[in-house]
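I have placed the structure first, in the form of structure tokens, so that the comments after it can refer back to it.
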Amino acid sequence: MSEKKNNIFSTLSSMPAAIWSSVFRNNLPYTDLGRSKTSFNNFFLHIHPVKVHRHTLKPWFTMGLGLISLFLFLILVVTGVLLMFYYVPSTAQAYDRMLDLRGSVAFGVFLRNMHRWSAHGMVAAVFLHMCRVFFTGSYKKPREFNWVIGVILFLLTLFLSFTGYLLPWDQLAFWAITVGTAIAGYAPVVGEQMRFLLLGDTTVGQEALLRFYVLHVAVLPVVMVVLIAIHFWRIRKDGGLSRPEEADIVEPAAVGTVLATPAPAMAMATAAGGINVIEKKNYGIQGLVRGPFAKVGNVPDNSVFSYPNLLLAELFVFILTVLGVLLVSAFFNAPLEEAVNVLHPPNPAKAPWYFLGLQEMVSYSAFWGGVGIPAIEVLVLLLVPYFDRGQKGVGKWFAKERLLANTLFLTFVVVNIVLIIIGTFFRGQNWEFVSPF
Amino acid sequence: MSEKHNAQEESSEPISRRKVLAWLTSMGIMGSAVVSVFSNLVFIKPRATYGQPTRFSIGTPDDYPPGTRIALGDQKVAIIREGSKMAAISITCTHLGCIVGVSETGFACPCHGSRFDQDGNVTGGPAPKPLPWYELSMAPNGELEVDKGKEVTAGKWFTV
């Protein structure tokens with residue numbers, strides 16, 4: 001190029017390459033330096049660390065549940081925005097618009113299916129992600145507050161799903177929201193006020209539909225995105241995903257050195273003798289930080305470059321998630337019942353499946369089932385990392401040291417799932433006990 | 001700020017102008033935040049609602065022959081007539097606001113299985129209170145009027 005100055009042809013012929021390199025700044029990397037620069041220079045990649053611990057990439061450690069939740073959220077945003085083009089939040093039109101999706105909108109049913117099944121899937125994925133984090137002890141110091149944000153994200157997921165539930169304005173929607181908001185009314189002191197603010201009226205009607213719509217498409221997604229951003233940012237700041245201490249120890253036989261092990265492990269290793277510990281390592285931006293120790297440079301450790309290792313893992317989970325949603329949406333249609341009839345609740349009137357455990361409890365006592373016990377559960381969940389402060393068994397599934405905590409949490413999970421199963425399959429007309437078999 | 005100045009500030013000048021200004025500023029900001037949260041709450045609380053009026057006409061007694069137990073959907077009341085006695089009983093379940101079904105033997109809620117006898121007393125399920133009775137009256141034009149703003153004690157029939 002330097003030989004042919006100011007030649008219009010050479011300018012034109014080199015333009016694609018010039019544009020490409022101005023956008024991506026560097027070529028596809030073939031060296032470690034290139035891999036670092038790729039992660040640094042790309043807006044979408046720089047959320048990743050340059051290097052990631054091998055343990056983080058173990059498929060059976062995380063099962064990709066957090067990523068699945070994120071990807072389902074992205075699918076929900078895309079399909080949700082598309083559905084907004086055809087939806088009107090009015091009691092006179094909403095249900096007809098649902099029928100229009102069936103009859104006169106290209107891919108209408110398919111988009112609605114995708115939105116509905118992703119929403120259900122996201123509730124499940126976020127809950128399972130929470131279980132993974134608990135059973136691997138990953139909420140422990142310094143990740144306590146990220147657990148708290150995670151619990152809030154779970155509640156937001158439920159609330160997003162709940163507000164979306166009303167929008168089709170069919171029988172299912174109307175009665176689920178009637179029951180759900182009546183539960184809110186049982187909260188002491190502020191209950192009735194809260195219900196009135198949420199519905200904008202004393203009963204579920206036009207005002208409620210508009211309010212739920214605004215919450216569903218504007219308020220809650222924005223809050224969700226902000227909290228997701230903080231959630232991810234804190235993962236980096238807390239030193240990546242949790243892992244057991246032994247995961248940081250490079251095989252002494254192979255390397256002869258131990259690098260950047262956390263203080264206790266290092267002390268133990270030194271006490272045991274025979275292992276050479278390099279204590280003075282510099283901090284570096286590329287370093288994978290855990291505790292006060294950072295590692296940088298061309299020394300053997302247990303981390304690999306995020307590009308391509310982490311990206312490929314993420315791509316794999318992404319493809320799997322999209323594939324799952326597409327398959328389910330192709331074979332199962334999202335339910336749509338009759339238009340709202342305020343006089344005839346369907347018998348039995350059931351809330352969305354993830355609230356059927358609540359509804360089951362509510363059938364014993366409205367206050368305790370609908371407000372008291374859920375409030376206690378949420379409070380305990382939020383405070384879990386501040387109750388359970390032992391530092392043992394972090395980064396391992398069902399660690400022996402955490403037998404008590406894991407047993408308690410497993411009980412909580414099983415009880416809730418059993419209640420949901422009873423509410424879903426064992427409750428028939430008038431909420432009477434029936435056998436599904 | 002120098003060490004010396006700091007020391008002076010602490011001993012002879014416990015409340016400096018800077019501290020007062022900082023305090024006032026932070027109070028102002030926090031106060032504005034509280035006021036704006038409060039005014040947002042005021043904003044989203046509707047002053048007028050679009051629901052049913054509490055007082056409405058239900059037609060003449062002849063529309064309800066003896067033995068009638070009928071639910072009026074829009075108004076969410078059941079009109080009961082036994083002989084010449086009439087009553088208006090709410091059909092909104094006292095439990096979670098579902099509409100109860102009206103039958104010969106009483107009321108049943110499909111949502112959570114609350115059951116009520118013919119007079120609206122709880123006979124089963126989680127409902128915490130009996131179904132309220134509303135005041136029935138005869139308007140000068142011979143039509144019956146229900147006032148959902150006024151509850152009457154259960155068993156207080158209106159004789160036509």
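The values are calculated or read from the model by the stated rules, or taken from the named source; none is laboratory data. Fair warning: this is a prediction, and the values are worked out from it, not measured in the lab. Glycine also receives a Cβ, built like all others from the backbone with ideal geometry; neighbour counts cover every protein chain displayed. Ligands, DNA and RNA are excluded from the accessible area calculation, which covers all protein heavy atoms including side chains. Shrake-Rupley method; radii C 1.70, N 1.55, O 1.52, S 1.80 Å.
Here is how the numbers come out for the structure above:
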| item | result |
| --- | --- |
| Candidate set: the range B:109-135, residues that are open to solvent by 50 Å² or more (accessible area, probe 1.4 Å) and either part of a strand (DSSP E or B) or within 9 Å of another protein chain (Cβ to nearest Cβ) (or both); chosen: the one nearest to A:E192 (Cα to Cα) | B:P128 |
| Residue check, A:I230 of a type outside the set (F, W, Y), assigned to a helix (DSSP H, G or I), within 14 Å of another protein chain (Cβ to nearest Cβ) and in contact (Cβ under 8 Å) with a residue 40 or more places away in the chain | no |
| Test: residue in the range A:359-373 that is at pLDDT 90 or above and either more than 14 Å from chain B (Cβ to nearest Cβ) or open to solvent by 40 Å² or more (accessible area, probe 1.4 Å) (or both) | yes |
| Residue list for the range B:136-147, filter: charged (D, E, K, R) and open to solvent by less than 60 Å² (accessible area, probe 1.4 Å) | B:E145, B:D147 |
| Every residue from the range A:391-407 that is open to solvent by 40 Å² or more (accessible area, probe 1.4 Å) and assigned to a loop (DSSP other than H, G, I, E, B) | A:Q391, A:K392, A:K396, A:W397, A:F398 |
| Qualifying residues in the range A:86-104 (those that are in contact with a helix residue (DSSP H, G or I) (Cβ under 9 Å, 6 or more places away or on another chain) and not in a helix (DSSP H, G or I)) - the one most open to solvent (accessible area, probe 1.4 Å) | A:Y86 |
| Which listed residue is within 24 Å of the chain's Cα centre (by Cα), touching a residue at least 40 places away in the same chain (Cβ under 8 Å) and under 22 Å from A:G370 (Cβ atoms), from A:S161, A:S118 | A:S161 |
| Any hit, the range B:8-19, residues being surrounded by 13 or more Cβ atoms within 10 Å (Cβ to Cβ), farther than 22 Å from B:W157 by Cα and at pLDDT below 85 | yes |
| A:V52 vs. criteria of a type outside the set (S, T, Y) and part of a helix (DSSP H, G or I) | no |
| Total residues in the range A:185-202, condition in contact (Cβ under 8 Å) with a residue 24 or more places away in the chain and at the interface with chain B (Cβ under 10 Å from one of its Cβ atoms) | 1 |
| Residues (under 17 Å from A:V179 (Cβ atoms) and in a helix (DSSP H, G or I)) located in the range A:299-357 | A:W353, A:Y354, A:F355, A:L356, A:G357 |
| Check on A:T31, at pLDDT 85 or above and outside the structural domain of A:V204 (by TED's automatic domain parsing) | yes |
| Qualifying residue in the range B:95-108 (condition: away from chain A (no Cβ under 11 Å), over 30 Å from A:F426 (Cα atoms) and of a type in the set (G, A, S)) | no |
| Residue count, the range A:159-176 (criterion: surrounded by 17 or more Cβ atoms within 10 Å (Cβ to Cβ), more than 8 Å from every other protein chain (Cβ to nearest Cβ) and part of a helix (DSSP H, G or I)) | 12 |
| Residue in the range B:88-98 that is assigned to a strand (DSSP E or B), without any contact (Cβ under 8 Å) to a residue 24 or more places away in the chain and open to solvent by less than 40 Å² (accessible area, probe 1.4 Å) present | no |
| Residues that are surrounded by 14 or more Cβ atoms within 10 Å (Cβ to Cβ) and either within 14 Å of another protein chain (Cβ to nearest Cβ) or not β-branched (V, I, T) (or both), drawn from the range A:378-390 | A:L381, A:L382, A:L383, A:P385, A:D388 |
| Set A:V222, A:V179: member being more than 10 Å from every other protein chain (Cβ to nearest Cβ) and either modelled with pLDDT of 90 or more or closer than 27 Å to A:G372 by Cβ (or both) | A:V222 |
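So that you can scan it fast, the table gives a plain yes or no per residue for (1) surrounded by 14 or more Cβ atoms within 10 Å (Cβ to Cβ); (2) part of a helix (DSSP H, G or I):
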| position | (1), (2) |
| --- | --- |
| A:A17 | no, yes |
| A:W20 | no, yes |
| A:F44 | no, no |
| A:G66 | yes, yes |
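Conditions (1) under 24 Å from A:H344 (Cβ atoms); (2) within 11 Å of chain A (Cβ to nearest Cβ), marked per residue:
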site	(1), (2)
B:F38	no, no
B:L41	no, yes
B:G51	yes, yes
B:R55	no, no
B:G59	yes, no
B:T68	yes, no
B:Q75	yes, yes
B:G83	no, no
B:S90	yes, no
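For every residue, the table says whether it meets (1) open to solvent by 40 Å² or more (accessible area, probe 1.4 Å); (2) more than 21 Å from the chain's Cα centre (by Cα).
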| position | (1), (2) |
| --- | --- |
| A:L70 | no, no |
| A:L74 | yes, no |
| A:A106 | yes, yes |
| A:M122 | no, no |
| A:V126 | no, no |
| A:C131 | no, no |
| A:T136 | no, no |
